[in-house]
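Student: Have a look at the structure that comes next, please.
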Amino acid sequence: MTLIRKRWLASCTAVLAASAMLAGCGGSSSSSGSTTSGKDSSASGVATAEKKVAALQAMAKTYPVPTTSVPGVDKFKGRKVFYIPIVQQVPAFVATAGSTKQALSKAGLSQQVCDGKAQPTAIASCVQQAITADAAGIILDAIPYGMAQNALDAAKAKGIPIVIADQNPPAGVKNSNQVSYVPGASSQATAMAWWIIADSKGKANLIIAQNADSPTAIKMVADSLPIYKKYCPGCKVTVTEITASTPALLASKASSNVLSNPSANYYYTQFEDSLQPTIQGIQQSGRSAGISVSTAAGSVNGLGLIKSGSVKAVVAADQVYMGFGVTDELLRMMTKSGPIDEAQPMRLFTKQNIDSIKVTAAAQASGEWFGDGSFQADFAKLWGIG
């Protein structure tokens, strides 16, 4: 595998500057890796990838619901929880907000959604609103702690437990009843790597548009790169950075990426919020016919584009389960009986399995894309309300 990394100066925005955890943003370019050959190793890698893809496309037979009960939930009936996504209109966060509201209502609590707007000041304002409202808890989604550290420290001082979803804990930080990280479906980029290797038969010339807005997004891509190196010696992977805080630049960025790599035949834009401008930019480049587009954190929007042929693969995380999972984590922290590890199911969708589901908002909201939804009753029993 050949690996090329590119840095985009425009990604050094207020979002990145606000987070002390995001270091090293600059204008340098570098390349690393080596190209190896050998038909045997390539064929073996493709065979492995095909088996992985088959498993990733299948519907879950069981859910990773915790087994330890949560005593004392009834003491918090009538209280409010703040859900703060980094950008409210992102489809995945809309779905999680809906399922979190549903889960909290089962436990007798209400939810207040506050848009983080991908800006430190907006996030801090949301946290301050939660403090003023004497919230029972705060759930951040895809927001590094450092983006609103002072406000979050103040919430901690008030005894408000904080769940940080879709983020890995910083090195050396352990979960506690004060702050707990729930990484979610953090292997989505790895799942996409298996599909790209299998679909290209080990010959992908891939552009990865990596979201630079959080350390977790960066780590997700970094964790996927060894898969290409080991199982796809004939692949070339170019990693470039984008950011949700400058959406107007995403189309031109995609066009530039493709034009600067005329041999590219696969384009993976990391999350679905960048998918539409990515497709627009690739069309502007005049090379849309020769490039297979894929994304993750998918919703009804991305899956619908598989049906139309504009997108070849989408990894979708079970946001309904995630809403119950982060609620379970928060309830454990509120009752001083947590935290624990909370998993999140995901599934790979392509033309091979897209017709097995209903690509509708109602189907997405029900969680039926992933399984039978039995986890909802299982969680309720853990909370003493089943």
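Student: To the nearest Å, what is the center-to-center distance of the stretch 213-267 and the stretch 303-317, using C-alpha atoms only?
Tutor: 18 Å
Student: With a sphere of radius 12 Å drawn around the Cβ of A58, what net charge do the other residues whose Cβ falls strictly inside it have (Lys, Arg +1; Asp, Glu -1)?
Tutor: +4
Student: Considering only protein heavy atoms and a 1.4 Å probe, what is the carbon-and-sulfur percentage of the accessible area of the stretch 269-348? Spell out each step's value before the answer.
Tutor: Details: 1030 of 2290 Å².
Using a 1.4 Å probe with all protein chains present, the stretch 269-348 comes out at 45 percent carbon and sulfur.
Student: Right, another one. Test of understanding: what is the full-extension gain from D372 to S44, defined as 0.36 nm times their sequence separation minus their Cα-Cα distance?
Tutor: On the way: separation 328, 0.36 × 328 = 118.08 nm, distance 3.48 nm.
Additional length available on full extension: 114.6 nm.
Student: Over all directions, the average projected area of the alpha-carbon convex hull for the chain comes to how many nm²?
Tutor: Working: hull surface 71.2 nm².
Computed as one quarter of the Cα hull surface, the answer is 17.8 nm².
Student: Can you compute the modelled spin-label distance between A222 and K307, with each label point 7 Å from Cα toward Cβ, in nm?
Tutor: 3.9 nm
Student: So if each residue of separation counts as 0.36 nm, and I subtract the Cα-Cα distance between K80 and K203, what length gain in nm does that give?
Tutor: Computed gain between K80 and K203 is 39.1 nm.
Student: Do the sum for the chain: with -39,500 (n - 2.57) for every DSSP H run of n ≥ 4, divided by all residues, what is the mean residue ellipticity at 222 nm, to the nearest 500 deg cm²/dmol? Before the final figure, lay out each step's value.
Tutor: Details: 13 runs with 151 residues, N = 386.
Calculated from helices alone, the mean residue ellipticity at 222 nm is -12000 deg cm²/dmol.
Student: How much accessible area per residue does the chain have, in Å², with a 1.4 Å probe? Write down the numbers at each step before the final one.
Tutor: Numbers: 15510 Å² over 386 residues.
Per residue, the chain has 40 Å² of solvent-accessible surface.
Student: Just read off the accessible area of D378 with the full protein assembly in place, 1.4 Å probe, to the nearest 10 Å².
Tutor: Approximately 60 Å² for this residue.
Student: So how much slack lies between S252 and Q129, counting 0.36 nm per residue of separation and subtracting their Cα-Cα distance, in nm? Spell out each step's value before the answer.
Tutor: Numbers: separation 123, 0.36 × 123 = 44.28 nm, distance 3.69 nm.
Roughly 40.6 nm would be gained on extension.
Student: Also, quick follow-up: Over the stretch 48-202, what percent of the accessible surface lies on carbon and sulfur atoms, probe 1.4 Å? If you can, show how the numbers build up before the last one.
Tutor: On the way: 3290 of 6490 Å².
Of all accessible area on the stretch 48-202, carbon and sulfur atoms account for 51 percent.
The values are calculated or read from the model by the stated rules, or taken from the named source; none is laboratory data. Quick caveat: nothing in here was measured; it's all calculated off a predicted structure. So basically every Cβ, Gly included, is an ideal-geometry build from the backbone, and we count neighbours across all protein chains shown. Quick note on the areas: whole protein, heavy atoms, side chains included, nothing else; ligands and nucleic acids left out. Shrake-Rupley method; radii C 1.70, N 1.55, O 1.52, S 1.80 Å.
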